[in-house]
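The structure appears right after this line, and notes come after that.
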Amino acid sequence: MLTVGSVGYLGSAPALSVYGLASVFFYVLPAFVFLVPVSLVAAELASGWPGGVYNWVRQGISAPMGLLAVWCQFAQTTFYYPALLAYVASTLAYVINDPGLAGNGAYNAVVIVVLFWGGVLVCSRGQALVARLGSGGTLLGTLVPAAILVALGVAYLVQGNHPAAPMTAGHLLPAWTGLASIVLVVNSFFTYAGIEVNAVHVDELRNPGRDYPKSIFLAMALVLAVFIGPTLAISWVIPVARISFTAGVMQAFQSLFTRFGAGFVVPLIAIALAAGALAGMIAWLDGPSEGLLRIGREQGFLPPYFQKVNGQGIEVRIIAAQGAVITLIALLYAFIPGVSHAYWIFAAMATQVYLIMYVLMFIAAIRLRRAQPAHPRSYRAPALGLLCVLGGVSSVAALVIGFIPPAQFGHLNPLSYAVLILAGILAIGILPPLLMDRLRKPGWKVAGDGSAAQPAQGP
């Protein structure tokens, strides 16, 4: 259940619903070539080398590469939050009964800024509140709405209505019209991103070698059910040309509830979805930033100013600095024509940055197995080399595909799109850790685990 709760949200469903029945392929393929390798490899690393992805890559490759890995884990959220909050903005538009706002860039920019800084305020109150909101949000904002949407979709078909997208066996695989026709598969990889964070619990199992693989495959089945069902339901009731990448879930709910004479429920569903997505964002706010804080203290990568925490032990200065960048990104929503396009661009950037971390993780795992074969670990991944090759090749392939604009954005210049994605990766994913490594000073390093650092008096 920890694994199910940590991956994806319903906002990722519309981007793949444009493929109709072929969307199943785009969920299942990354599950086997990405989700399984990441889960099993991360379990071995977590059971032998505590400290998360930074320590794994530092031990397996080098300290600078370890910094790059953890920074990518942190920086991907800089792109992820605007994409997630754009989904929340489009959902809230249905609460005030004005779906047209979902495509308004200025509205999305305002909502992104207000909700992000509201999340920072909540996060600053401590981890206990964050944990309660996160656990409740998974049930309220993902599992329950997903079940309702699938049930309504099935009822729609049982009534004899024809699905908007073909559901015959001939449509199980996506039509091949060139490489751009499968670019949205990158979005599927991001659905499973973050799966490695739960590998730290492998030592808590009675028999890690037997129980962890079983839990992963069970979680994979549940994740596939949670996401495939709603994605298909959207494709049943909304024609491809009308599906919005940000508002697709609410488009389907509104269409189905209105058809069954329960349109008054739409605002309630919208509130639940928004609350669930916000709870997920809040839960992520403190995770990667805390990892960066620990590394900054232990290795001296961060200036003392950013090593300070508030009275609740939260690294609010790091989060606030990230928030300044996110605010600038949010403003772009007001200037980029078509909110769906902006949503996809930022989601693609988030995926690209995160995939860099996974490539480094797979390389480190192979090197550690060869260099430290006797190192104690409570779980050993079967066929580790094959898993790393499979996961690494899949990650690199997704990286390459991510530079190609989707077929649905045929009017975009491919070169301009690729340059935009590359610029985003370099600006936030690559250059900062390089500068942090070059500019760090011996006096910035905190002795021991860094617990001696003093709390900040304010944000």
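The values are calculated or read from the model by the stated rules, or taken from the named source; none is laboratory data. Nothing here was measured: the structure is a model prediction, and the numbers come from that model. As a convention, Cβ positions derive from the backbone with ideal geometry for all residues, glycine included, and neighbour counts pool all protein chains shown. Just the protein is used for accessible areas: all its heavy atoms, side chains included, with ligands, DNA and RNA removed. Shrake-Rupley method; radii C 1.70, N 1.55, O 1.52, S 1.80 Å.
Here is a yes/no grid of residues against (1) in contact with a helix residue (DSSP H, G or I) (Cβ under 7 Å, 6 or more places away or on another chain); (2) of a type outside the set (Gly, Ala, Ser); (3) modelled with pLDDT of 90 or more; (4) in a helix (DSSP H, G or I):
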residue	(1), (2), (3), (4)
Ala350	yes, no, no, yes
Phe362	yes, yes, yes, yes
Ala365	yes, no, yes, yes
His375	yes, yes, yes, no
Ser378	yes, no, no, no
Leu390	yes, yes, yes, yes
Val400	no, yes, no, yes
Phe403	yes, yes, no, no
Ser416	no, no, no, yes
task: Considering every residue within segment 204-211, establish whether at least one is surrounded by 16 or more Cβ atoms within 10 Å (Cβ to Cβ) and modelled with pLDDT under 80.
output: yes
- prompt: Among the residues of segment 34-49, is any among the aliphatic types (A, V, I, L, M), closer than 15 Å to Gly194 by Cβ and open to solvent by 30 Å² or more (accessible area, probe 1.4 Å)?
  reply: no
query: Out of all the residues in segment 287-324, which are modelled with pLDDT of 85 or more, farther than 16 Å from Pro433 by Cα and aliphatic (A, V, I, L, M)?
result: Val309, Val316, Ile319, Ala320, Ala324
task: Return a yes/no flag: does segment 365-377 have any residue that is buried (at least 19 other Cβ atoms within 10 Å of the Cβ), in contact (Cβ under 8 Å) with a residue 12 or more places away in the chain and in contact with a Pro (Cβ under 7 Å, 6 or more places away or on another chain).
output: no
task: Taking the residues in segment 325-339 that are assigned to a helix (DSSP H, G or I) and open to solvent by 30 Å² or more (accessible area, probe 1.4 Å) as candidates, determine which candidate is modelled with the highest pLDDT.
output: Thr327
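To keep it simple, each residue is scored yes or no on (1) out of contact with any Ser or Thr (no Cβ under 8 Å at 6 or more places or on another chain); (2) over 29 Å from Tyr212 (Cα atoms); (3) among the hydrophobic types (A, V, I, L, M, F, W, C).
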| site | (1), (2), (3) |
| --- | --- |
| Gly20 | no, yes, no |
| Leu40 | yes, no, yes |
| Gly66 | yes, no, no |
| Trp71 | yes, no, yes |
| Tyr94 | yes, yes, no |
query: Going by the conditions given, is Leu92 out of contact with any strand residue (DSSP E or B) (no Cβ under 9 Å at 6 or more places or on another chain) and under 22 Å from Ile319 (Cα atoms)?
result: no
query: Which residue out of Leu390, Leu386 is within 24 Å of Ser188 (Cβ to Cβ), surrounded by fewer than 20 Cβ atoms within 10 Å (Cβ to Cβ) and touching a residue at least 24 places away in the same chain (Cβ under 8 Å)?
result: Leu390
- line: Note on segment 79-130: residues closer than 20 Å to Ile269 by Cα and of a type in the set (S, T, N, Q) are Ser90, Thr91, Asn97, Asn108
- request: All but one of (1) modelled with pLDDT under 85; (2) over 30 Å from Val41 (Cα atoms) hold for Ala277, so report the exception by its number.
  value: (2)
